[in-house]
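Data block below; observations after.
Derivation of every value follows stated rules applied to the coordinates shown; laboratory data play no part. Nothing here was measured: the structure is a model prediction, and the numbers come from that model. Every residue, glycine among them, receives a Cβ derived from its backbone with ideal geometry; neighbour counts consider all protein chains shown.
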Amino acid sequence: MALTIQERLKDLRVERGLTLEQLAEQTNLSKSALGSYEAEDFKDISHYALIKLAKFYGVTADYLLGLSEMKRHPNADLADLRLSDGMIDLLRSGRVDNALLCELAAHPDFVKLLADIQIFVEGIAAMQVQNLNAWVDVARAEIVEKYQPREHDQTAYLLQAAHIDEGDYFSSRVHKDIDIIMEDMRQAHRGRSDSAPKKSVIEEMKQDLEEVASFKGSRLEQWLLIYCKQNHLPYNRLTEEEKQWLIRIGSKSDFLKSHTTQRGKKRK
């Protein structure tokens, strides 16, 4: 789920709370160039601009280019990270999304999540839970002896329900922790290239078909419009020369030739 160069540049600018105009003033790069670096049809970024923006944001050039997920620690010693062999093998295996794993671990509430897991795994709260349950048992025995409640008495059920199941309790805590983290991550991913589109496939297809149906042009021009939509090419940004080249290529299609011929024939 690595970010594109455009998304990295835009995220860094937004984190600083800068507009394109303000960024241009502070970096001495043109607003139009900076805007093109963040645009969907981004093509290239000059070496000068790359170094300039990397220094300005305090990140590595490799991070901006998507070659690394490390913004500020390009020469971090692996030994200092105290990772196990199993963890290193996992990160190198490609079986998990390392970028997503790093995003999860860097979340402010991840420390709380690990703390709750550690408390349960290491049995840190086991004695306290046992003491609470023992106190409930004593209170229950005293009430039963004093009031002699019936077999299905609500008070007896209440005292029994007051018992704390350590596994259920910490599973609930961990569930809440991870729900908060996942929702924050989901919000952060909205609009990114690796996120699900806001419109469903059916809605997009319906919109495309309606646009093609109302499009005034030749059969080949209609084909070009559909081709652009299928391949996410901006039809309106194509030059006339580019359109003509694509139409010439499309005209060589046997499918289009036969379809166009059939339309011109009268039924017998």
Within 10 Å of each residue's Cβ, count the other Cβ atoms and sort Arg13, Arg190 from fewest upward.
Arg190, Arg13
Whichever aspartates and glutamates have a C-alpha closer than 17 Å to that of Lys216, once near sequence neighbours (fewer than 8 apart) are set aside
Asp208, Glu240
Among 114-120, 234-240, 86-92, the order from most to least packed when residues are scored by Cβ within 10 Å on average:
114-120, 86-92, 234-240
Starting from the 7 Å offset along Cα-to-Cβ, what nm value, one decimal, do you get for the label separation of Leu65 and Leu90?
3.1 nm
With respect to the cross-link table entries Lys43/Lys176; Lys52/Lys176; Lys43/Lys112; Lys31/Lys243, which display a Cα-Cα separation exceeding 32 Å?
Lys43/Lys176; Lys52/Lys176; Lys43/Lys112
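With only Lys, Arg, Asp and Glu charged, each at its Cβ (+1 for the first two, -1 for the last two), find how big the charge dipole of segment 49-148 is about the Cα centre; round to the nearest 20 debye. All intermediate terms of the calculation are to be shown ahead of the outcome.
Working: 10 positive and 14 negative charges, 97 e Å.
The calculated dipole for segment 49-148 is roughly 460 debye.
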Could you calculate the contour length gain from Asp11 to Asn98, that is, 0.36 nm times the residue separation minus the distance between their Cα atoms, to one decimal place in nm?
29.4 nm
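Figure the gain on full extension for Asp80 and Glu122 (residue separation times 0.36 nm, minus the Cα-Cα span) and round it to one decimal in nm.
My answer for the length gained is 12.6 nm.
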Modelled label-to-label distance, Ile143 and Lys216, 7 Å Cα→beta-carbon offset: nm?
8.2 nm
Provide the FRET efficiency to the nearest 0.05 for the Glu183-Ala105 pair, computing r from the beta carbons and using R0 = 22 Å.
0.85
Return the distance in nm (one decimal) between the two label points of a simple spin-label model at Asp168 and Tyr235, each offset 7 Å from Cα along Cα→Cβ.
6.0 nm
Among Leu67, Ala54, Val14, the residue whose Cα sits farthest towards the positive end of the charge dipole of segment 1-74, when +1 is placed on the Cβ of each Lys and Arg and -1 on the Cβ of each Asp and Glu, is Ala54
